[in-house]
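Scroll down for the structure; my scribbles are underneath it.
The values are calculated or read from the model by the stated rules, or taken from the named source; none is laboratory data. Being a predicted model, the structure only gives us computed values, none of them experimental. Cβ: placed from backbone, ideal geometry, glycine included. Neighbour counts: every protein chain shown.
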Amino acid sequence: MLRAFLILLTVVLTHVTALAQSNINIGLQLEPPNLDPTSGAAAAIDEVVYGNIFEGLVRIDEYGEVQAGLALYWEVSTDGRSYLFHLAEGVTFHDGTEFDARDVRYSIDRARASNSTNAKKYIFEPIALIDVFDAATIMITLDRAHPDFLFNLGLGDAVIVGEESSASNAFYPVGTGPFKFERWVRGDSIKLSRNENYWGAPPRLEAATFKIITDPLSAYTAMMAGDIDTFPNYPAPENLFLFDRDPDFEVIVGLTAGETILSTNNQKAPFDNILVRKAMAHAINRDELIDGAMFGNAEPIGSHFAPSHPDYVDLTGLYPHDLNKARAYLKEAGLEDGFTASLKLPPPIYARRTGELIASQLGKIGIKVEIENMEWAQWIDQVLRNRNYDLTVVSHVEPMDINIYANPNYYFGYDNEEFQNVMARINVSADQAQTSALYKQAQRKIAEDAVNGYLYQQGKYGVWKRGVKGMWRNYPIRANDLRDVYMEDGE
Amino acid sequence: MLSYFLKRVLSLIITLFTATIVIFLMIEVVPGDPAAFMMGLSGSTEAADALRAELGLNMSAWDRYFNWLTGMMSGDFGLSYTYRVPVSELIIDRTLVSVPLTVYALILSTIIAIPVGVISASRRGTAVDTSLMGVAQVGVAIPNFWFAILLVLLFSTTLRWFSAGGFPGWEAGFIECVKALTLPAISLALPQAAILSRVMRSSVLEVMNEDYIRTARAKGLSKRQALMRHGLRNAMIPVLTILGLQFSFLLAGGIIIESIFSLPGLGRLVFQSIAQRDLIVVKSIVTMLVFAVVMITFMVDMAYAVVDPRLREGDKS
């Protein structure tokens, strides 16, 4: 009798733990404003829906590689202008409607329409023609070869949406992905559940709940209290060491596409003088910034390019930390007595901490930096749109965004014909080796011109309970694709 | 009485109307554009323009004010710029967290404060009084967010009796929700209870010197009986005034506690809406709070008139 009872108890208990193990709670610092990745730019949208609810023709994996998505395979013409996509069949959206090539055309046309609110319309700009051959075959023809086109199709802004559901995706997202939307308690949590009709390999998790925890200290207590199984982008690098030495947790410092830079207004005196910018580049001590602001968890950079990219060139040695050289450049510029500059800082803690250190570093060569802290909305208005600033610290999190330097109207105000020509050649390059050489040339050019102060590559600080497997280690794009995540039975 | 009432109603309407104009103008001059904010660092200007048109931000200020005002009168507060759902829905969801939390905190603080105040007053000058008031003094001095963090560290991360934050939503059940609100309510209640117990104590002491208590004692009641039967009710009046003030303070002022416990309350909604320039939400919440305060003042005015006949007859002279 007792034996039977024990067996029953074991069965019940294992069943209960098995159930508990297939739901995961994920911490998220910023709540997404809505759940439509094709409108607006909030990274928090992709962090919930990318790869989980919505899928694109292709998919970007945790190493930034392009993988098959709704397109199982594709053929590219030799001139690099035509892409023939072969689509998965038998795919349905979560609302039961069928997916086929017309949805692809609809999604692209919707994103590039004149009234579209897609933040990355440039992805679709090279498209000349879309031909639907049959339900599972579609050809996209570009007006020129474009090396990043396929990668861009893998971004959250280019996911495939259904015509019937696209209007309500902002609050009730309907995609083709392995998870479907369940419930959103605004300000608290977003719950997804497994899509039992998923066309691909079914995910192992039954459900996933993204919990919104804005306060960095609460992120710590929520992990410690067991409310959260994983915080993929932990907001407080200063207490990572507490998790590091706790055997119940794992800390993974991964890579992101976020270059943290000291953006400089290149059109405003005295920053229009390259000697002044070189002086500042020599005055900056990256190691001190990384230790002081990021608690050692970041990688120094010498240009605007991710160190994880195969075409990366290490240019951190170009202007090493050297106060004598810095002073000499200032003297050459006729500013040996120094000058006063404002530094406008957005709210994230990395920007505030880095900004304070930069102010003290530039102070050593006589540049009196006046820090001005502001909200994002003010920052976007004054710095980004009206270019009313001297210096700012910000992380550019978009992948492969060196092309922003080719736009003379961007807030750096960098107008350089040589650089623009390099980017123009990249945009029409169909040859891998040539593209790679050009990217290297581009990195070197902006580093030599010291357009901005290049500080460090933002790290991704993932904290998870031991036993959580398959979470993304890196952030090539801001996403938490949960298709391969599972939880091992603990103890 | 009727003319007094009509006068008050008229002044109420004028106050509310003026408030909407002031709120609208204040929001108008706030720098920062919601559409640009939503497009982020890499968004194109055309997309931001399209978004601005979609949100109705291209209309003239007068048209927007008029639409907002007429909408509100018919109960339509508009769509949130960021969330894209009706503002009224957002406000109701958040109110369903903030109001219960405030009520919970006030109940806790009253349950603690009234006995403490009464005991202190009745044992005035003794060690009991000194130590209770000493604790209350410390309670006033302790910042509630710090106390909240201590509670979380003890009850959530160490003992694991409560979760460290979050709110499951009322559909998850009453017990679950009360549990989620318990630690936040205690953190909010402690400093309020400390203040309230000091008010209660001095109020009781004052009442005990009144003539009617002396009469009651002369009639043969013990000090305790006199306090319970005649003193307490009168001593409650200043306490109720303070409670009323605390209610409005806690309702919108719980933002720090809401952040620590990741609660989706009104305070955090206002704060986040300001940061994201979801100005339509800010406008509506501020208007709603003004409305609440004006209505309370109105009801107090009416109550005065009922209590004090001189007020309602004053307009005849």
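I'm trying to understand the selection: among the residues of the range A:185-195, which are part of a loop (DSSP other than H, G, I, E, B) and either modelled with pLDDT of 95 or more or touching a Cys at 6+ places or on another chain (Cβ under 7 Å) (or both)?
A:195 - this is the single residue of the range A:185-195 that is part of a loop (DSSP other than H, G, I, E, B) and either modelled with pLDDT of 95 or more or touching a Cys at 6+ places or on another chain (Cβ under 7 Å) (or both).
Considering every residue within the range B:293-316, establish whether at least one is at pLDDT 85 or above and either under 25 Å from residue B:11 (Cβ atoms) or in a loop (DSSP other than H, G, I, E, B) (or both). If you could, list the steps in order and put the result at the bottom.
Keep residues of the range B:293-316 that are at pLDDT 85 or above, which gives none.
The answer is no, given that none of the residues of the range B:293-316 is at pLDDT 85 or above and either under 25 Å from residue B:11 (Cβ atoms) or in a loop (DSSP other than H, G, I, E, B) (or both).
Residue-by-condition table, conditions (1) modelled with pLDDT of 75 or more; (2) β-branched (Val, Ile, Thr); (3) crowded, with 23+ Cβ neighbours inside 10 Å; (4) in contact with a helix residue (DSSP H, G or I) (Cβ under 6 Å, 6 or more places away or on another chain):
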position: A:7; (1), (2), (3), (4): no, yes, no, no
position: A:12; (1), (2), (3), (4): no, yes, no, no
position: A:39; (1), (2), (3), (4): yes, no, yes, no
position: A:49; (1), (2), (3), (4): yes, yes, yes, no
position: A:54; (1), (2), (3), (4): yes, no, yes, no
position: A:59; (1), (2), (3), (4): yes, no, no, no
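Residues are listed down the side, and each one gets a yes or a no for (1) among the aliphatic types (A, V, I, L, M); (2) closer than 25 Å to residue A:352 by Cα; (3) touching a residue at least 24 places away in the same chain (Cβ under 8 Å):
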{"position": "A:228", "(1), (2), (3)": "yes, no, yes"}
{"position": "A:231", "(1), (2), (3)": "no, yes, yes"}
{"position": "A:235", "(1), (2), (3)": "no, yes, yes"}
{"position": "A:246", "(1), (2), (3)": "no, no, no"}
{"position": "A:250", "(1), (2), (3)": "no, no, yes"}
{"position": "A:258", "(1), (2), (3)": "no, yes, yes"}
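Does at least one position in the range A:446-459 carry a residue that is in contact with a strand residue (DSSP E or B) (Cβ under 6 Å, 6 or more places away or on another chain) and among the hydrophobic types (A, V, I, L, M, F, W, C)?
Filtering the range A:446-459 down to residues in contact with a strand residue (DSSP E or B) (Cβ under 6 Å, 6 or more places away or on another chain) leaves A:452-459.
Restricting the remaining residues to those that are among the hydrophobic types (A, V, I, L, M, F, W, C) gives A:455.
The answer is yes, given that some residue of the range A:446-459 is in contact with a strand residue (DSSP E or B) (Cβ under 6 Å, 6 or more places away or on another chain) and among the hydrophobic types (A, V, I, L, M, F, W, C).
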Take the range B:245-281 and flag every residue that is more than 12 Å from chain A (Cβ to nearest Cβ) and β-branched (Val, Ile, Thr).
B:280
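Residue-wise test of (1) acidic (Asp, Glu); (2) touching a helix residue (DSSP H, G or I) at 6+ places or on another chain (Cβ under 7 Å); (3) within 14 Å of chain A (Cβ to nearest Cβ).
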| position | (1), (2), (3) |
| --- | --- |
| B:88 | no, no, yes |
| B:103 | no, no, no |
| B:127 | no, no, no |
| B:130 | no, no, no |
| B:135 | no, no, no |
| B:155 | no, yes, yes |
| B:160 | no, no, yes |
| B:172 | no, no, yes |
Tally the residues that are at the interface with another protein chain (Cβ under 8 Å from one of its Cβ atoms), under 19 Å from residue A:450 (Cβ atoms) and either basic (Lys, Arg) or part of a helix (DSSP H, G or I) (or both), restricting the search to the range A:380-415.
1
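Going by the structure shown, is residue A:156 crowded, with 23+ Cβ neighbours inside 10 Å, small (Gly, Ala, Ser) and under 30 Å from residue A:439 (Cα atoms)?
Details: crowded, with 23+ Cβ neighbours inside 10 Å: yes; small (Gly, Ala, Ser): yes; under 30 Å from residue A:439 (Cα atoms): yes.
Taking the combined requirement at face value, the residue satisfies it.
Output the number of residues of the range A:260-271 satisfying the condition of being part of a strand (DSSP E or B) and either over 16 Å from residue A:391 (Cβ atoms) or among the small types (Gly, Ala, Ser) (or both).
Count: 1.
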The lone condition residue A:473 fails out of (1) under 21 Å from the mean Cα position of the chain (by Cα); (2) free of Cβ contacts under 8 Å to residues at least 40 places away in the same chain; (3) over 23 Å from residue A:145 (Cα atoms) is (2)
Does residue A:217 qualify as being within 14 Å of chain B (Cβ to nearest Cβ), farther than 20 Å from residue A:40 by Cα, among the aliphatic types (A, V, I, L, M) and surrounded by fewer than 23 Cβ atoms within 10 Å (Cβ to Cβ)?
yes
Apart from one, (1) within 14 Å of another protein chain (Cβ to nearest Cβ); (2) at pLDDT below 95; (3) in contact with a strand residue (DSSP E or B) (Cβ under 8 Å, 6 or more places away or on another chain); (4) surrounded by fewer than 17 Cβ atoms within 10 Å (Cβ to Cβ) all hold for residue A:182; the odd one out is (2)
Can you spot a residue in the range A:82-93 that is assigned to a loop (DSSP other than H, G, I, E, B) and either within 14 Å of chain B (Cβ to nearest Cβ) or closer than 26 Å to residue B:35 by Cβ (or both)?
no
Being surrounded by fewer than 16 Cβ atoms within 10 Å (Cβ to Cβ), assigned by TED's automatic domain parsing to the domain that holds residue B:108 and not in a helix (DSSP H, G or I) narrows it down to one of B:244, B:220, so name that one.
B:220
Name the helices (runs of 4 or more DSSP H) wholly inside the range B:11-112 in which the number of residues that are surrounded by 17 or more Cβ atoms within 10 Å (Cβ to Cβ), over 26 Å from the mean Cα position of the chain (by Cα) and at pLDDT below 85 is 3 or more.
B:34-39, B:45-54
List the residue pairs whose Cβ atoms are under 6 Å apart, where the first residue sits in the range A:103-122 and is more than 14 Å from chain B (Cβ to nearest Cβ), the second is of a type in the set (Val, Ile, Thr), and the two are 6 or more positions apart or on different chains.
A:103/A:160; A:104/A:138; A:104/A:160; A:105/A:130; A:105/A:132; A:107/A:160; A:107/A:161
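Test of understanding: among A:208, A:170, which residue is assigned to a strand (DSSP E or B) and either within 14 Å of another protein chain (Cβ to nearest Cβ) or in contact with a strand residue (DSSP E or B) (Cβ under 8 Å, 6 or more places away or on another chain) (or both)?
On the way: A:170 fails: assigned to a strand (DSSP E or B).
That would be A:208, the only listed residue that is assigned to a strand (DSSP E or B) and either within 14 Å of another protein chain (Cβ to nearest Cβ) or in contact with a strand residue (DSSP E or B) (Cβ under 8 Å, 6 or more places away or on another chain) (or both).
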